[in-house]
Amino acid sequence: MKEFKIAPIRNGTVIDHIAAGQALNVLKILGVNESNIGSTISVAIRVQSKKEMGWKDVIKVEDRELDPATVDKIALIAPDATIVIIRDYYIAEKFNVALADHITGLARCSNPDCITNKGEPVEPEFDVVNRRPPTLKCSYCDRILTRISDNLL
Amino acid sequence: MDFYDKDIVSIRDFTRDEIEQILDLSEVMIPYANGDKVKRPLDGRILGNLFFEPSTRTKLSFESAALRLGAEVIDVSQMSMTSISKGETLADTIRMVDTYCDVIVLRHPHEGAARLAAKFSINPVINAGDGAGSHPTQTLLDLFTMRREKGSIDGLNIVLVGDLKYGRTVHSLADALAMFGARLTFVAPESLQMPEDTVRHIGERGCSPRKTDCLEEVIDDADVLYVTRIQKERFPDPDEYQKVAGMYRVDNAMLREAKSDLIVMHPLPRIDEIAPEVDRTPHAKYFDQAFNGIPVRMALLCAVLGGKM
Ligand SMILES: Nc1ncnc2c1ncn2[C@@H]1O[C@H](COP(=O)(O)OP(=O)(O)O)[C@@H](O)[C@H]1O
Ligand SMILES: [Zn+2]
């Protein structure tokens with residue numbers, strides 16, 4: 001049986017298969033805060049996943065489709081997430097977020113002494129040294145980025 | 001590998017073969033480094049020393065290395081004043097300095113500064129230390145000293161003692177030694193031990209280091225004892241510092257337990273990690289190590305500037 005914990009939406013985006021517990025960080029990436037909610041957003045935290053044995057979070061955003069930079073940021077904290085674009089109640093598009101091997105922009109280095117935090121005209125860059133969970137290493141100072149979700153740009 | 005026009009930012013950028021290539025060339029440089037022979041393959045080239053932090057030794061040894069090869073040296077460190085007082089970015093400073101010289105030697109307080117400089121400079125950049133970041137020429141001269149004294153690094157028992165936690169140089173040294181097939185022992189109090197991610201990295205190179213807090217326990221089968229400075233600032237409690245510093249002080253009594261051909265190294269300056277009495281023993285190699293900074297830096301300069309020996 002297909003269980004809809006959340007009412008179907010007409011137009012919008014479903015972010016599915018978010019690593020359990022990461023929904024709030026994904027909301028942060030979506031820029032959701034008390035003064036910036038333009039449409040209905042439903043959040044399900046820790047729901048049973050049919051696909052994988054285990055738990056996941058799901059977010060449904062009405063009347064919004066995500067730009068590529070936002071999708072790339074989601075990949076940094078929820079590398080298994082699926083983006084489902086709903087148009088007129090139907091799934092119009094569905095794709096997995098993709099975590100690249102090398103990340104430019106998107107996050108800042110968590111090392112306060114890193115040259116990329118000193119007002120230089122460069123974007124932070126990272127190598128993805130581990131994919132699950134995503135682990136980023138700064139291409140400048142070589143340090144591992146601690147708490148990616150706190151350092152997203 | 002052809003080092004011509006390459007930046008020397010981090011030892012991690014190089015394979016074992018590439019490092020050996022530099023060490024081989026350093027060997028060739030020895031008679032030129034001590035003045036026995038004279039050759040000027042870098043005649044007419046200019047090295048720019050850009051030091052945002054005082055570091056007399058590193059600066060002078062690069063200067064000496066360049067002069068030995070016939071290059072000219074300009075000290076563009078005053079450029080750092082404008083960038084600090086007028087808020088100029090390092091990127092812009094580098095683009096200016098790049099027009100004054102053929103190779104830039106950079107010392108900077110911020111980690112990753114050399115990587116950034118290399119991005120903005122057309123000419124090669126050599127990292128002479130970037131904050132707690134890497135200091136590849138120190139690592140190279142350490143490797144060179146061990147290879148020269150021992151013939152080969154493979155299979156050597158190398159004991160690193162002191163502050164293994166905070167010094168990035170000692171992390172890259174440990175990593176490079178693992179790559180060269182050395183057996184490593186880390187001696188430090190728990191609070192100053194080698195960080196886990198370095199140990200893991202070393203493990204990936206097939207090396208499983210021993211860890212202990214007792215130097216006496218491991219000195220007897222060591223081939224190399226590499227001593228690092230323990231900084232007072234790391235200890236909130238001065239008594240604790242005294243205790244730890246005392247525990248790792250190397251003197252002749254301690255060395256009685258050691259192999260006769262053990263070599264003792266130290267990046268210098270030392271405070272009192274090594275007793276002066278050790279200087280007169282055949283174990284003491286720290287001054288030779290300091291001298292080795294010259295041929296190694298000559299080799300790097302020659303290689304990146306395409307000089308022919
Ligand atoms: N009209 C809709 N409104 C809200 N959510 C929907 C809608 N259509 C599909 N979904 C949700 O989108 C996600 C992907 O759907 P589907 O491809 O059918 O499932 P799965 O990826 O689990 O096989 C599921 O979480 C589903 O509940
Ligand atoms: Zn960094």
Segment B:49-148: chymotrypsin sites (Phe, Trp or Tyr not before Pro) falling in loop per DSSP and having at most 15 other Cβ within 10 Å: B:Tyr100
Taking DSSP loops as anything outside H, G, I, E and B, show the longest stretch in chain A free of GluC sites (Glu not before Pro) there with at most 14 other beta carbons within 10 Å. A:53-153
Using every pair of alpha-carbon atoms in chain A, split the distances into 5 Å bins beginning at 0 and state the percent of pairs per bin, rounded to integers. 2, 9, 18, 20, 18, 13, 9, 6, 3, 1, 0, 0
With T = 25 °C, eta = 0.890 mPa s and Kirkwood Rh from C-alpha pairs, the Stokes-Einstein D of segment B:28-144 in µm²/s is about 168 µm²/s
Quickly work out the B:Arg200-to-B:Arg280 label distance, labels modelled 7 Å from Cα along the C-beta direction, and quote it in nm with one decimal. 4.9 nm
If the only charges are +1 at each Lys and Arg Cβ and -1 at each Asp and Glu Cβ, what is the size of the charge dipole of segment B:154-309 around the Cα centre, to the nearest 20 debye? 660 debye
Roughly how many Å is it from the Cα centre of segment B:15-41 to that of segment A:113-152, as a whole number? 36 Å
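Quick one: putting +1 on the C-beta of Lys and Arg, -1 on the C-beta of Asp and Glu, what dipole do you get for chain A around its Cα centre, in Debye to the nearest 20?
Once rounded to the nearest 20, the dipole reads 580 debye.
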Top mean-square fluctuation among B:Ala71, B:Ala182, B:Ala253, Gaussian network model of chain B, C-alpha springs under 10 Å? B:Ala253
Classify chain B as rounded, prolate or oblate, taking a ≥ b ≥ c as the square roots of the eigenvalues of its Cα gyration tensor: rounded when a/c is under 1.5, otherwise prolate if a/b is larger than b/c and oblate if not. prolate
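May I ask for the percentage of alpha-carbon pairs in the protein assembly as shown that lie more than 41 Å from each other?
Result for the distance tail: 32 percent.
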What does the C-alpha gyration tensor say about the overall shape of segment B:135-185? Classify as rounded when a/c is under 1.5, otherwise prolate if a/b is larger than b/c, or oblate. oblate
Please compare each pair in B:Lys6/B:Lys150; A:Lys118/B:Lys39; A:Lys56/A:Lys137; A:Lys28/A:Lys50 to a cut-off of 31 Å on the Cα-Cα distance and tell me which ones are over it. A:Lys118/B:Lys39
If each residue's Cβ is checked for other Cβ atoms within 10 Å, how do B:Tyr248, B:Tyr166 rank with the fewest at the top? B:Tyr166, B:Tyr248
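How high is the relative contact order of segment B:136-289, in percent, with contacts defined as C-alpha pairs under 8 Å that are six or more residues apart?
23 percent
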How large is the Kirkwood hydrodynamic radius of segment B:118-162, counting all unique pairs of alpha carbons, in Å? 12.9 Å
Quick query: amide H of B:Ile8 versus all other amide H atoms, modeled in the peptide plane; which residues come in under 5 Å with a sequence gap of 5 or more or a different chain? B:Val125, B:Ile126, B:Asn127
If Rh is defined by the Kirkwood formula over all Cα pairs and Rg also comes from Cα, what ratio Rg/Rh do you get for segment B:136-289? 0.93
Measuring from the longest principal axis of the C-alpha atoms of chain A, the long axis of helix A:68-77 (C-alpha) lies at a number of degrees, nearest 10, equal to 80 degrees
Under a no-solvent Debye model with one identical scatterer per Cα of segment B:1-68, what's log10 I(q)/I(0) at q = 0.14, 0.21 Å⁻¹? -0.56, -1.21
Using the number of other C-beta atoms within 10 angstrom as an exposure proxy, rank A:Lys50, B:Lys308, B:Lys165 with the fewest first. B:Lys308, A:Lys50, B:Lys165
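Where a number appears in this text, it was derived from the coordinates with a stated rule and is not lab data. Note that the structure is predicted; figures quoted are calculated from it, not measured. Quick reminder, even Gly has a Cβ in these numbers, built from the backbone with ideal geometry, and neighbours come from all protein chains shown.
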